[in-house]
1. Is segment 53-70 home to any residue that is farther than 21 Å from Gln92 by Cα and assigned to a loop (DSSP other than H, G, I, E, B)?
2. Any chance segment 287-305 includes a residue that's modelled with pLDDT under 95 and in a strand (DSSP E or B)?
3. Would you mind telling me which numbered condition in (1) over 30 Å from Ala227 (Cα atoms); (2) assigned to a loop (DSSP other than H, G, I, E, B) Glu173 fails?
4. Has segment 19-33 got any residue that is charged (D, E, K, R), in contact with a strand residue (DSSP E or B) (Cβ under 9 Å, 6 or more places away or on another chain) and either without any contact (Cβ under 8 Å) to a residue 24 or more places away in the chain or in a loop (DSSP other than H, G, I, E, B) (or both)?
5. Has segment 183-204 got any residue that is small (Gly, Ala, Ser), touching a His at 6+ places or on another chain (Cβ under 8 Å) and either in a loop (DSSP other than H, G, I, E, B) or crowded, with 23+ Cβ neighbours inside 10 Å (or both)?
6. Give me the pairs, please: first residue somewhere in segment 219-244 and at positive phi and free of Cβ contacts under 8 Å to residues at least 24 places away in the same chain, second residue anywhere and part of a loop (DSSP other than H, G, I, E, B) and surrounded by fewer than 24 Cβ atoms within 10 Å (Cβ to Cβ), beta-carbon distance under 9 Å, and either six or more positions apart or on two chains.
7. Would you check which residues across segment 205-215 are assigned to a strand (DSSP E or B), out of contact with any Ser or Thr (no Cβ under 6 Å at 6 or more places or on another chain) and not aliphatic (A, V, I, L, M) and list them?
Amino acid sequence: MFEIVFLGTSASAPSVDRGLSASLVLFRDQRFLIDCGEGTQRQLLRSGMGFRKLDKILLTHGHLDHILGLGGLASTFSRWESISAIRIYGGQWALERVEDLMNVVLRGGEVDIEIELVAIRPGVIWQDGDMTVTAFPVSHRGPGCFGFIFEVKGRRPFLPEEAERLGVPHGPERRLLVEGRPIALADGTVVRPEQVLGEEIPGVKLVHVGDAGRTEGLEEPCRNADALIIEATYASGEEEMANRFGHLTARQAAELAARAGVKNLFLVHISRRYADWEILREARAIFPNTWVPKDLERYRVTKDGVEQVLEQGKERECCG
């Protein structure tokens, strides 16, 4: 299960209702901030999430509307002593711009915080026993643009009826088989895990693309995602402008979701020229399970669907 908090969903410049690009992905006790537009630290406070354990920041690319909030965030972390070190993952060009920004913020020794810049390539960039974060290339303006796949490890269910049939006793023997290790019964018979484990059940998959100039090459990373977060800066009436500036229309994003077998689609990076309903209407005509989240909205992503997490722990099912 993942939770996603949309901190900033506006394109290029903030609007009255939307801040600049930033999202927070939560998995158990881990937090990942994706992009950090200007004003992100205020959005974190407004969301009620705060700064606790916010030590991993993933950058989709190096444009200023996605990174300018890093300076203020680093300064606040140091002043409040809430975070002693930050690890920032991104393409080389994005990290060069971040380094220039931090040289200004850290000048004079007033800010004391360890900042590690991690240049990434396509492939796994973070993992623990149950979950991986994988980077994949995205076409946008400038080099080193990435999307990110958050995926929980699949599991093979234990089949108790098969264990009974084979004479596997209750206790540690069954635990070993679940862990993928063979056991020997009292009569010397060897039982292997594949004999008592069912077909693998895929884990939850959340994909965050961010800005993109075209959808070619994105189908496989997005394949069968339980939720896809991607930009929809323009409506289809302005495809020429979208192409010129390296962005997508709502129609293009919806068509990608349909081709890739995505279950739920969240559209962000919305231009100020559109009302939510305009983007939503265009996308839902192609892909019904489409949502245009507002800033500070929070959603839970599971294999069973998506729920919006409301105040006081209430939840509302919103997607299939």
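The values are calculated or read from the model by the stated rules, or taken from the named source; none is laboratory data. Predicted model, so just to flag it, every value in this text is computed and none were measured. Glycine gets a Cβ as well: all are built from the backbone with ideal geometry, and neighbour counts include every protein chain shown.
1. yes
2. Yes, the conditions are met somewhere in segment 287-305.
3. (2)
4. yes
5. No: zero hits.
6. Qualifying pairs under 9 Å: none.
7. Once the filter is applied, which keeps residues that are assigned to a strand (DSSP E or B), out of contact with any Ser or Thr (no Cβ under 6 Å at 6 or more places or on another chain) and not aliphatic (A, V, I, L, M), segment 205-215 yields Lys205, His208.
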